[in-house]
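Enquirer: I have a structure here, written as structure tokens, and I will follow up with some questions on it.
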Amino acid sequence: MVSVIAIDGPVAAGKTVVGRALAQRLDFRYLDTGVMYRAIAWLALRDGLPIEDEMALGKLAETHPVRLKGQQSDQVLVGEHQVGEELRGSLVSQTVSLVARIPAVRRALVQQQRVLAEEGDIVVVGRDIGTVVLPDAGLKVFLSASPEHRARRRWRETQGQSQAPEFQQVLAETKARDEIDSSRADSPLMPALDAFLLDTDELSVDQVVERILSRIRELTAAGER
């Protein structure tokens, strides 16, 4: 049985909702590593730290561990601060990739992520899980979708919030984040060589989950032969 599942992909490709639904179907724990980077970005903005100060940001990540509580990681604590909707704000969204590309920040959080995954029976979602964080995961999935589809998903999430951004702004932010994530020197966004690739443009969440479950069954059957 596959006990550690890594799901990677660009922003708003459906990783979070698919990963959470898959974990529920399997009765696994769920870890969204992107929330950890958002928590550090939020704390840096809150404390007024210059985003270009890599040493200060690395120290911040080392001294303020991010804890995700609950089976579905539905409570986020960074240091002594409990945060929620603040992590989805536009300013954090604009800043998180700049924070995530800092090697010292990545080292601190990757270590935390590996510890959280050690017990198994977990779905871990992010951008470098299959390639860097958990290269020995039993199943590696890479979700993709067009920038327009992904921006529309993210834009819909912001509706109802105060000062919700325009769609074109979200699209521009999505493309900018893709460029940063895929071109950074440390752990760039890319599928693992043995990843199960899925384009989510024309698929519902349930359809994506079913395809992943089918792949798990195939791997399980192959391992039993």
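The values are calculated or read from the model by the stated rules, or taken from the named source; none is laboratory data. Just so we're clear, the structure is a prediction, and the values are computed from it rather than from any experiment. When we count neighbours, we look across all protein chains shown, and the Cβ atoms used for this are built from the backbone with ideal geometry, even at glycine.
Enquirer: Just checking, which of Leu98, Leu45, Leu91, Leu26 is over 25 Å from Ala145 (Cα atoms), surrounded by fewer than 22 Cβ atoms within 10 Å (Cβ to Cβ) and aliphatic (A, V, I, L, M)?
Expert: Leu45
Enquirer: Which one is surrounded by the most Cβ atoms within 10 Å (Cβ to Cβ), of the residues in segment 174-216 that are more than 29 Å from Gln24 (Cβ to Cβ) and either in contact with a Gly (Cβ under 7 Å, 6 or more places away or on another chain) or charged (D, E, K, R) (or both)?
Expert: So the residue we want is Arg184.
Enquirer: Kindly indicate whether Ile51 is under 14 Å from Val92 (Cβ atoms) and either of a type in the set (D, E, K, R) or in a helix (DSSP H, G or I) (or both).
Expert: no
Enquirer: Also, I was wondering about something else. When the residues of segment 6-19 are filtered to those that are touching a Phe, Trp or Tyr at 6+ places or on another chain (Cβ under 7 Å) and not in a strand (DSSP E or B), which remaining residue is surrounded by the most Cβ atoms within 10 Å (Cβ to Cβ)?
Expert: The residue in question is Gly19.
Enquirer: Only residues in segment 119-144 that are among the hydroxyl-bearing types (Ser, Thr, Tyr) count as the first member; pair them with residues that are surrounded by fewer than 21 Cβ atoms within 10 Å (Cβ to Cβ), Cβ under 6 angstrom, at least 6 apart or cross-chain, and list the lot.
Expert: These pairs meet every condition: Thr131/Ala192; Ser144/Asp199.
Enquirer: Pick from segment 20-47 the residues that are in a helix (DSSP H, G or I) and among the charged types (D, E, K, R): which of them is farthest from Glu86 (Cα to Cα)?
Expert: So, considering only residues that are in a helix (DSSP H, G or I) and among the charged types (D, E, K, R), the one farthest from Glu86 (Cα to Cα) is Arg25.
Enquirer: Hey, another quick one. Please work out which one of (1) of a type in the set (Ser, Thr, Tyr); (2) more than 18 Å from the chain's Cα centre (by Cα); (3) not in a helix (DSSP H, G or I) is the condition Thr220 fails and give its number.
Expert: Going through the list (1) of a type in the set (Ser, Thr, Tyr); (2) more than 18 Å from the chain's Cα centre (by Cα); (3) not in a helix (DSSP H, G or I), Thr220 breaks only (3).
Enquirer: Scan segment 179-225 for residues that are within 24 Å of Val96 (Cα to Cα), at pLDDT 95 or above and of a type in the set (S, T, N, Q) and report the count.
Expert: Qualifying residue count for the region: 0.
Enquirer: I've got another one for you. Would it be correct to say that Ala172 is without any contact (Cβ under 8 Å) to a residue 12 or more places away in the chain and hydrophobic (A, V, I, L, M, F, W, C)?
Expert: yes
Enquirer: Can you tell me which of Leu43, Leu26, Leu49 is among the hydrophobic types (A, V, I, L, M, F, W, C) and without any contact (Cβ under 8 Å) to a residue 12 or more places away in the chain?
Expert: The conditions single out Leu49.
Enquirer: Which residue out of Thr95, Thr63 is farther than 18 Å from Leu31 by Cα and under 16 Å from the mean Cα position of the chain (by Cα)?
Expert: So the residue among Thr95, Thr63 that is farther than 18 Å from Leu31 by Cα and under 16 Å from the mean Cα position of the chain (by Cα) is Thr95.
Enquirer: Same structure again: Which residues, counting only those in segment 123-137, are within 14 Å of the chain's Cα centre (by Cα), not basic (Lys, Arg) and not in a helix (DSSP H, G or I)?
Expert: Within segment 123-137, Val123, Val124, Val125, Gly126, Asp128, Leu134 qualify.
Enquirer: Name the residues in segment 146-188 that are β-branched (Val, Ile, Thr) and over 25 Å from Ile129 (Cβ atoms), would you?
Expert: If the condition is that a residue be β-branched (Val, Ile, Thr) and over 25 Å from Ile129 (Cβ atoms), then Thr158 is the only one that fits.
Enquirer: Find the residue count for segment 138-172, including only residues that are assigned to a strand (DSSP E or B) and either at pLDDT below 90 or surrounded by 18 or more Cβ atoms within 10 Å (Cβ to Cβ) (or both).
Expert: Residues flagged as assigned to a strand (DSSP E or B) and either at pLDDT below 90 or surrounded by 18 or more Cβ atoms within 10 Å (Cβ to Cβ) (or both) within segment 138-172 amount to 5.
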